[in-house]
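The structure appears right after this line, and notes come after that.
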Amino acid sequence: MTGSFWLPDGASTLSSEIDSLFHFVNWASIILFVGVVVAIAYLAYRYRRRPGGPAPMRVKPNKMVEISWVVLPTILVLIVFNWGFRLFVEQSVAPPNAYEVYVRGAMWKWDFEYPTGAVTTNELHVPVDRPVRLVMSSADVLHSFFVPAFRVKQDVLPKRYSAVWFEATRVDTFQVFCTEYCGMGHSVMLASVITHSQGDFEAWLASAGVDEDTPLPELGAQLYQQQACIGCHTLDGTEIIGPTFAGLYGKTETLDDGSTVVVDDDYLRESIVDPNAKIVQGYANVPMPAGYTGLSERQLSALIAFIREQQ
Ligand code: CUA
């Protein structure tokens with residue numbers, strides 16, 4: 001199970017068989033393609049028309065040749081069908097003892113909710129050597145959940161659940177991509193799968209409850225990363241998609257209708273939960289990701305406290 005030009009090292013129970021099928025289809029295609037192209041080139045040259053040469057003879061069909069080019073490709077596609085279908089079924093149906101995690105994709109982040117109620121953002125923690133089933137849905141548009149090392153990829157849809165399962169085979173950190181174009185932040189809609197031994201996973205899960213003791217600005221700093229605010233709002237004064245947070249608090253902003261507003265707690269709160277209410281002059285009315293309406297009061301306060309500190 002080693003990586004190749006195409007994919008990283010496999011790290012799930014199904015990845016080696018999926019790789020074998022992939023390489024079989026890939027090499028069969030390459031061999032057939034090269035064989036056909038070389039034969040065409042050779043025959044076209046060998047039997048090219050020459051001045052003064054005899055008129056070509058009429059070619060009589062050869063039964064054996066005709067039968068073989070029907071039967072052999074049929075056998076080939078049946079092998080691929082049988083192999084692929086078996087794997088497809090294996091990959092579609094999670095084992096009954098699978099550990100279930102709910103996944104919610106939103107512009108532009110991934111939330112993971114565990115059976116204990118713990119929630120993580122952009123970090124999926126799972127045990128190794130145990131099947132894990134992900135039940136997925138989207139808060140807004142189409143996304144797609146892709147873990148190359150596990151060879152799983154599945155669209156994530158609004159108003160509908162889709163599922164994937166995998167069983168990780170080693171303790172490591174694996175990259176997750178969104179592979180369905182979902183707007184400006186698509187390319188930064190990344191996450192990691194962090195695999196633990198069973199004991200470590202239980203310890204992690206026990207520690208993953210909501211931490212009420214974190215000071216607000218610190219929690220805000222975590223949320224700034226987790227909720228991907230960083231994609232549109234910088235901390236160093238650079239203006240990208242939305243206003244920078246540097247020196248924002250207390251500043252007087254001019255809105256697109258010419259009125260002004262002082263940036264205070266109320267304004268910040270409104271801008272997070274109802275971003276269209278006031279648009280600062282010079283910025284496009286880019287909707288904030290829908291997931292932000294789900295922030296708790298404590299999380300909102302934490303973000304505001306964090307922005308207040310960026311002076
Ligand atoms: Cu989510 Cu692309």
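Overview of results
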read-out	value
The lone exception for residue 241 - which of (1) assigned to a loop (DSSP other than H, G, I, E, B); (2) at pLDDT 85 or above; (3) surrounded by fewer than 17 Cβ atoms within 10 Å (Cβ to Cβ); (4) not hydroxyl-bearing (Ser, Thr, Tyr) it fails	(2)
Strands (runs of 3 or more DSSP E) (entirely within segment 162-211) containing at least 1 residues that are without any contact (Cβ under 8 Å) to a residue 60 or more places away in the chain and more than 16 Å from the ligand (Cβ to nearest atom)	173-178
For residue 310: the one exception among (1) of a type in the set (S, T, N, Q); (2) part of a loop (DSSP other than H, G, I, E, B); (3) under 20 Å from residue 107 (Cα atoms)	(3)
Filtered residue count, segment 203-218, keeping only those that are farther than 30 Å from residue 128 by Cβ and modelled with pLDDT under 80	4
Contacts under 8 angstrom Cβ, first residue in segment 81-96 being under 15 Å from residue 25 (Cα atoms) and touching a residue at least 40 places away in the same chain (Cβ under 8 Å), partner surrounded by 10 or more Cβ atoms within 10 Å (Cβ to Cβ) and not hydroxyl-bearing (Ser, Thr, Tyr), 6 or more apart	83/21; 83/24; 84/21; 87/14; 87/17; 87/18; 87/21
Residue within segment 74-85 that is surrounded by 10 or more Cβ atoms within 10 Å (Cβ to Cβ) and either modelled with pLDDT under 90 or in contact with a strand residue (DSSP E or B) (Cβ under 9 Å, 6 or more places away or on another chain) (or both) present	no
Residues of segment 133-144 satisfying the condition of being at pLDDT below 95, assigned to a strand (DSSP E or B) and over 27 Å from residue 219 (Cβ atoms)	133, 135
Counted residues, segment 79-107 - those being among the hydroxyl-bearing types (Ser, Thr, Tyr) and either outside any helix (DSSP H, G or I) or under 30 Å from residue 228 (Cβ atoms) (or both)	2
Selection from segment 148-161 of residues that are within 14 Å of the ligand (Cβ to nearest atom) and either surrounded by fewer than 15 Cβ atoms within 10 Å (Cβ to Cβ) or in a strand (DSSP E or B) (or both)	153, 154, 155, 156, 158
Residues (in a strand (DSSP E or B), touching a residue at least 40 places away in the same chain (Cβ under 8 Å) and more than 16 Å from the ligand (Cβ to nearest atom)) located in segment 120-132	120, 123, 125, 126, 127
Hits in segment 281-293 - residues which are buried (at least 17 other Cβ atoms within 10 Å of the Cβ) and either of a type in the set (Phe, Trp, Tyr) or touching a Leu at 6+ places or on another chain (Cβ under 9 Å) (or both)	292
Residue 14 being modelled with pLDDT of 85 or more and over 22 Å from residue 75 (Cβ atoms)	yes
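Residue-by-condition table, conditions (1) crowded, with 16+ Cβ neighbours inside 10 Å; (2) in contact with a strand residue (DSSP E or B) (Cβ under 9 Å, 6 or more places away or on another chain); (3) at positive phi:
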{"residue": "193", "(1), (2), (3)": "yes, yes, no"}
{"residue": "202", "(1), (2), (3)": "no, yes, no"}
{"residue": "216", "(1), (2), (3)": "yes, no, no"}
{"residue": "232", "(1), (2), (3)": "yes, no, no"}
{"residue": "247", "(1), (2), (3)": "no, no, yes"}
{"residue": "265", "(1), (2), (3)": "no, no, no"}
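Quick grid of which residues meet (1) more than 24 Å from residue 4 (Cβ to Cβ); (2) modelled with pLDDT of 90 or more; (3) in contact with a Ser or Thr (Cβ under 9 Å, 6 or more places away or on another chain); (4) not assigned by TED's automatic domain parsing to the domain that holds residue 116:
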{"position": "150", "(1), (2), (3), (4)": "no, yes, yes, no"}
{"position": "156", "(1), (2), (3), (4)": "yes, yes, yes, no"}
{"position": "169", "(1), (2), (3), (4)": "no, yes, yes, no"}
{"position": "179", "(1), (2), (3), (4)": "no, yes, yes, no"}
{"position": "182", "(1), (2), (3), (4)": "yes, yes, yes, no"}
{"position": "192", "(1), (2), (3), (4)": "no, yes, yes, no"}
{"position": "221", "(1), (2), (3), (4)": "yes, no, no, yes"}
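Results for (1) of a type in the set (Asp, Glu); (2) under 23 Å from residue 148 (Cβ atoms); (3) touching an Asp or Glu at 6+ places or on another chain (Cβ under 6 Å), shown as yes or no for each residue.
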position	(1), (2), (3)
5	no, yes, no
9	yes, yes, no
14	no, yes, no
23	no, yes, no
26	no, yes, no
40	no, no, no
43	no, no, no
50	no, no, no
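The values are calculated or read from the model by the stated rules, or taken from the named source; none is laboratory data. Fair warning: this is a prediction, and the values are worked out from it, not measured in the lab. Ideal geometry is used to build each Cβ from the backbone, glycine not excepted, and the neighbour counts take in all protein chains shown.
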